[in-house]
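Remarks on the structure that follows.
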Amino acid sequence: LNVHGCTKLTDVRAVAANCPRLAKLDVSNCESLTDASLAAVAASCPNLVELNAQRARITDATVQALAENCAHLAVLMCEYANLTDRALAALANNCSSLTGLSIPSCDLTALPDNIGKLSKLRWLDASDNKLKELPRSVIYLDAACQLSVYRNPLETPPFDIADQGIPAIRHYFQTLVA
């Protein structure tokens with residue numbers, strides 16, 4: 001279901017109540033949409049595999065509902081969301097099918113220590129946040145995972161290493177241990 005850009009849309013609970021087999025939902029640029037209604041979708045639509053909520057201003061409540069109810073979630077895009085690493089940790093613990101995660105401009109100060117559990121992740125966009133370090137568990141992400149950490153005050157590993165990808169980050173952390 002694509003309702004992209006419906007700026008006056010405030011609630012999608014009717015979707016949750018009437019479409020329990022919903023697999024994809026695009027509510028991007030629906031800036032008036034309530035977090036509670038998206039959490040209701042997550043609770044009622046366990047087959048959801050893709051949610052595009054960029055600029056929909058979701059919070060931890062929606063992401064935790066997704067983690068608790070949508071085990072097959074493969075793609076989550078939530079630019080400009082109000083998230084913490086706790087919600088992302090819940091995703092890493094419960095959504096092992098996640099292949100794409102877009103969390104730019106969410107004011108994140110940390111990625112969860114368990115982010116490496118997302119072994120199927122093919123792309124992770126955490127650009128334009130407040131990340132100073134990446135957790136060591138990123139070394140467990142697939143070597144082909146495209147990692148974007150632009151516009152972060154990254155110190156560990158340094159940005160020039162993180163920008164080279166997961167293999168370079170692995171090497172960086174391994175040389176710290178040696």
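The values are calculated or read from the model by the stated rules, or taken from the named source; none is laboratory data. Source: prediction; values computed, not measured. Ideal geometry is used to build each Cβ from the backbone, glycine not excepted, and the neighbour counts take in all protein chains shown. Just so you know, the surface numbers come from the protein's heavy atoms only, side chains and all, with ligands and any DNA or RNA stripped out. Shrake-Rupley method; radii C 1.70, N 1.55, O 1.52, S 1.80 Å.
Listed values, structure above:
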{"quantity": "Accessible area of segment 1-145 belonging to carbon and sulfur atoms, whole % at 1.4 Å probe", "calculated": "48"}
{"quantity": "Average accessible area per residue (Å²) across segment 124-178 - probe 1.4 Å, nucleic acids and ligands excluded", "calculated": "54"}
{"quantity": "Rounded if a/c under 1.5, otherwise prolate or oblate - segment 1-117, Cα gyration tensor axes", "calculated": "oblate"}
{"quantity": "Approximate shape of segment 112-178 as ellipsoid semi-axes (Cα gyration tensor, √5λ), whole Å, largest first", "calculated": "16, 15, 11"}
{"quantity": "For segment 1-73, accessible area per residue (1.4 Å probe, heavy atoms of protein chains only), Å²", "calculated": "47"}
{"quantity": "Peptide ranges 161-171, 69-79 listed from the most packed, as the mean C-beta count within 10 angstrom indicates", "calculated": "69-79, 161-171"}
{"quantity": "Selected from Arg55, Arg122, Arg21 as most flexible by GNM, with the chain as the system and alpha-carbon contacts under 10 Å", "calculated": "Arg21"}
{"quantity": "Ile58 long-range amide H proximity, modeled H, under 5 Å", "calculated": "Asn82"}
{"quantity": "Cα gyration tensor shape for segment 21-64, rounded if a/c is under 1.5, else prolate or oblate", "calculated": "oblate"}
